[in-house]
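Reviewing the structure listed below.
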Amino acid sequence: MKIGDWLKPGLQIKRWFLIGLIGIGLLVISLSYYVNLLGISHNGVPNILLGLFGGFLIIYALKSGISSLLTVCYFQNSMQGKLDRTKINKLFYDKRILVKGPKIVVIGGGTGLSVLLRGLKLFTSNITAIVTVADDGGGSGKLREDLGMLPPGDIRNCILALAEMEPTMEQLLQYRFEEGSLKGQSFGNLLIASMNGISNNFEEAIKKISEVLAVTGNVYPVTLEDITLYAKLKNGTIVEGESNIPEKSIQEDSPIERIFIKPQQPKALKEAMEAIQQADVVVLGPGSLYTSIIPNLLINDIRESLVKTGAKKVYIPNVMTQPGETTNYSVLMHLEAILDHCQKVSIDHIIINQGTIPKEVKEKYLSEGAELIQPSSEELAEIRGLGIDIMEADLVDIKKDYVRHDAIKLSKMIVEVVLQNKLPRHGNKLRDFIYFKQLKKKINKT
């Protein structure tokens, strides 16, 4: 091994070894005074204190060194026994940077939220996902109806997005039964339902599963109360149930005018409110405007937390419109819907896609009643007039003809909000300087 390699930052074992040697040296010097073997002058330093300090350094070095070695074992096990020193050093070094990362809260639900979380965990481990519990369709709706529990689907996707696990385990948890009475139900939903059955409440069940799956950050349901989502269409029709709203809007050929929930004032989860208060950045979306994002904001506790927090608030509209929900919507219309439902909540930044999609994918979406959201220069000027900073980039990511946000690009832009506003507060200018330098380096390398 070269001297240069030995000095590279990594597992910190070298650091603890050196501290241990210093401790042993101090202890020997202290003891030598009493046995008069070395005859070293101590310039009046009390030898007993010198020896105690040396002993403390030895114990501290042993404890920290063992912790680092256990980390090596963890990474070796997670890499299926293939011990790659360079890779482990990088993973361990990255882990230390992530722990110091910005506190980011993401509010929403659906696929868009889980996609974003997979990108964010590359830049920070201080992530909190606050997830809607208004879902009443599919497998989640069935469990909600049969067992009287909160819908697990969106929460399951967020947990899997933030979890550290083997691909086979993720496939297992996402597996959907194809036959029998469990047809359409996912194994992950059943796992959450089982954990809910042996826990005191749904919140405790999610915490236990998060611990088992080594989740980065936290996943919280927005409330533990059973809420129902309603929509008033522009023709006056009232629609009950999250899964019925887009379908009824299409059937009545009438767009959504407003949504509301019952009970009207459910109590938000305490941990969710605290996370918003302590956040550096709060992100709304991406996700379904009326059925994933706004339902969370209708809860008074969440809305008040957003008003009081010092965090920068970022809104991310979807790349495509959604039939029956945001048909023919522009970016400005998305933004206005949020501000109309939550008039006291301000938005500091909006992240807009400026990329395009292939013709065949565009035609597929058009046949389903959806289209790419492309803001005009006049629309962007109106948004800026609201005092909102616009961040634009090509954020399109297409997999199996499905259009999604590019999770890594999107996450980098959110972290740029941190850098732009110098949000982490370490209470020390030097520590802030070092941290921002490390964060910029990570953005450039990822």
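The values are calculated or read from the model by the stated rules, or taken from the named source; none is laboratory data. Because the structure is a prediction, the values reported are computed rather than measured. Backbone-built Cβ (ideal geometry, glycine too); neighbour counts: all protein chains shown.
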Please work out if LEU224 is surrounded by fewer than 23 Cβ atoms within 10 Å (Cβ to Cβ), among the hydrophobic types (A, V, I, L, M, F, W, C) and either over 22 Å from THR128 (Cα atoms) or within 21 Å of the chain's Cα centre (by Cα) (or both). yes
Could you tell me whether ARG404 is of a type in the set (Lys, Arg), closer than 19 Å to LEU289 by Cβ and assigned by TED's automatic domain parsing to the domain that holds ASN328? yes
Among the residues in region 148-165, are any assigned to a loop (DSSP other than H, G, I, E, B), more than 27 Å from the chain's Cα centre (by Cα), surrounded by fewer than 13 Cβ atoms within 10 Å (Cβ to Cβ) and modelled with pLDDT under 95? yes
Looking at SER199, SER249, SER210 in this structure, which one is of a type in the set (Ser, Thr, Tyr) and assigned to a loop (DSSP other than H, G, I, E, B)? SER199
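Anything in region 396-416 that is farther than 13 Å from PHE123 by Cα and outside any strand (DSSP E or B)? List them, or say none. Even if it seems obvious, please write down each step before you answer.
Here is the first cut: in region 396-416, the residues farther than 13 Å from PHE123 by Cα are 396-406.
Passing the criteria: LYS400, ASP401, ASP406.
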Based on this model, can you work out whether PRO266 counts as over 19 Å from LYS103 (Cα atoms), modelled with pLDDT of 95 or more, assigned to a loop (DSSP other than H, G, I, E, B) and of a type outside the set (A, V, I, L, M)? yes
Which listed residue is over 23 Å from ILE127 (Cα atoms), surrounded by 15 or more Cβ atoms within 10 Å (Cβ to Cβ) and touching a residue at least 12 places away in the same chain (Cβ under 8 Å), from SER199, SER186, SER210: SER186
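Go over the candidates LEU297, LEU289, LEU366 one by one and state the one that is without any contact (Cβ under 8 Å) to a residue 24 or more places away in the chain and of a type in the set (A, V, I, L, M, F, W, C). Please lay out each step first, then the result.
On the way: LEU297 fails: without any contact (Cβ under 8 Å) to a residue 24 or more places away in the chain; LEU289 fails: without any contact (Cβ under 8 Å) to a residue 24 or more places away in the chain.
Of LEU297, LEU289, LEU366, the one residue that is without any contact (Cβ under 8 Å) to a residue 24 or more places away in the chain and of a type in the set (A, V, I, L, M, F, W, C) is LEU366.
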Tally, over region 341-357, of residues that are touching a residue at least 12 places away in the same chain (Cβ under 8 Å) and either not assigned by TED's automatic domain parsing to the domain that holds ILE299 or not aliphatic (A, V, I, L, M) (or both): 10
Looking at region 305-334 only, could you name the residues that are in a helix (DSSP H, G or I) and either without any contact (Cβ under 8 Å) to a residue 24 or more places away in the chain or in contact with a strand residue (DSSP E or B) (Cβ under 9 Å, 6 or more places away or on another chain) (or both)? SER305, LEU306, VAL331, MET333, HIS334
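Out of the residues in region 335-356 that are part of a loop (DSSP other than H, G, I, E, B) and among the hydrophobic types (A, V, I, L, M, F, W, C), state the one that is nearest to the chain's Cα centre (by Cα). Reasoning before the result, please.
Residues of region 335-356 that are part of a loop (DSSP other than H, G, I, E, B), as a first pass: 342-348, 354-356.
Filter again for among the hydrophobic types (A, V, I, L, M, F, W, C), leaving 342, 345, 347.
Values: CYS342: 23, VAL345: 21, ILE347: 19 Å.
Within region 335-356, the match that is nearest to the chain's Cα centre (by Cα) is ILE347.
Return the residues of region 115-168 that are among the acidic types (Asp, Glu), in contact (Cβ under 8 Å) with a residue 24 or more places away in the chain and more than 19 Å from VAL222 (Cα to Cα); say none if nothing qualifies. Reasoning before the result, please.
If we filter region 115-168 for residues that are among the acidic types (Asp, Glu), which is where we start, we get 135-136, 145-146, 154, 164, 166.
Next cut, in contact (Cβ under 8 Å) with a residue 24 or more places away in the chain only: 135-136, 154, 164.
Scanning region 115-168 gives a single hit, GLU164.
Residue under question is SER254, and the condition is that it be at negative phi, modelled with pLDDT of 95 or more, assigned to a loop (DSSP other than H, G, I, E, B) and outside the structural domain of MET333 (by TED's automatic domain parsing); does it hold?
Values: at negative phi: yes; modelled with pLDDT of 95 or more: yes; assigned to a loop (DSSP other than H, G, I, E, B): yes; outside the structural domain of MET333 (by TED's automatic domain parsing): yes.
So SER254 fits the description; yes.
With the condition kept exactly as written, say whether any residue in region 175-183 is of a type in the set (S, T, N, Q), at pLDDT below 90, within 26 Å of GLU242 (Cα to Cα) and not assigned by TED's automatic domain parsing to the domain that holds GLU271.
In the first step, residues of region 175-183 are kept if they are of a type in the set (S, T, N, Q); the result is 181.
Among the residues that remain, those that are also at pLDDT below 90 are: 181.
Of the ones still in play, those that are also within 26 Å of GLU242 (Cα to Cα) are 181.
Still in the running and not assigned by TED's automatic domain parsing to the domain that holds GLU271: 181.
Yes: one or more hits.
I'd like the full set of residues that are of a type in the set (A, V, I, L, M, F, W, C) and either farther than 23 Å from SER125 by Cα or assigned to a loop (DSSP other than H, G, I, E, B) (or both), limited to region 213-246. Talk me through it step by step, then tell me what you get.
In the first step, residues of region 213-246 are kept if they are of a type in the set (A, V, I, L, M, F, W, C); the result is 213-215, 219, 222, 224, 227, 229, 231, 233, 238-239, 245.
Scanning region 213-246 gives LEU213, ALA214, VAL222, LEU224, ILE227, LEU229, ALA231, LEU233, ILE238, VAL239, ILE245.
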Across region 207-238, the tally of residues that are β-branched (Val, Ile, Thr) and out of contact with any Pro (no Cβ under 9 Å at 6 or more places or on another chain) stands at 7
Looking at SER288, is it closer than 28 Å to VAL239 by Cβ and either within 25 Å of the chain's Cα centre (by Cα) or at pLDDT 95 or above (or both)? yes
